[in-house]
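Below is one structure; the comments refer to it alone.
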Amino acid sequence: MLSLSPSFARLVIVAALARYAAAATDYLIVGGGTAGLVLAERLTEDPNVNVLVIEAGGDGLGNVDISDISRVGAAWGTDIDWQFPTEPLTYANNRQLTPSPRGKVLGLVALVFLLHTLR
């Protein structure tokens, strides 16, 4: 029986998905944030259009740092945050803010802003 390493198996799956996506997709959207998901939804209003959304993160389902309103902000600095530093900020003594929160999960930034609003 042929045995594949997990990383090679993932590579094979990604290559197969890429071939399928190229053949069956009219639009490819990179990033499942608010803008990407809204654009995908609008494009698919036409039933003849196929859209593929690629997101580096997961869906965030079951993550209490996202779903529990009392934990607003707890997701920042975790594996669902890109943790990018800002450029030096002129009006902050040229300091860099680290991390500058950017979600790495479907729609995270919009969800966090919603939770701030609800809180």
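The values are calculated or read from the model by the stated rules, or taken from the named source; none is laboratory data. Because the structure is predicted, anything quoted here is derived from the model rather than measured. So basically every Cβ, Gly included, is an ideal-geometry build from the backbone, and we count neighbours across all protein chains shown. Accessible surface areas use protein heavy atoms only, side chains included; no ligands, DNA or RNA. Shrake-Rupley method; radii C 1.70, N 1.55, O 1.52, S 1.80 Å.
Here is the figure for the stretch 59-96: residues that are open to solvent by 90 Å² or more (accessible area, probe 1.4 Å), within 18 Å of residue 33 (Cβ to Cβ) and touching a helix residue (DSSP H, G or I) at 6+ places or on another chain (Cβ under 7 Å) total 0.
Return the residues of the stretch 31-51 that are modelled with pLDDT of 85 or more and either among the basic types (Lys, Arg) or not in a loop (DSSP other than H, G, I, E, B) (or both); say none if nothing qualifies. Across the stretch 31-51, the qualifying residues are 35, 36, 37, 38, 39, 40, 41, 42, 43, 51.
For first residues located in the stretch 72-101 and in a loop (DSSP other than H, G, I, E, B), partners that are open to solvent by 80 Å² or more (accessible area, probe 1.4 Å) and of a type in the set (Phe, Trp, Tyr) and lie 6+ apart or on another chain with Cβ distances below 7 Å form the pairs 99/84.
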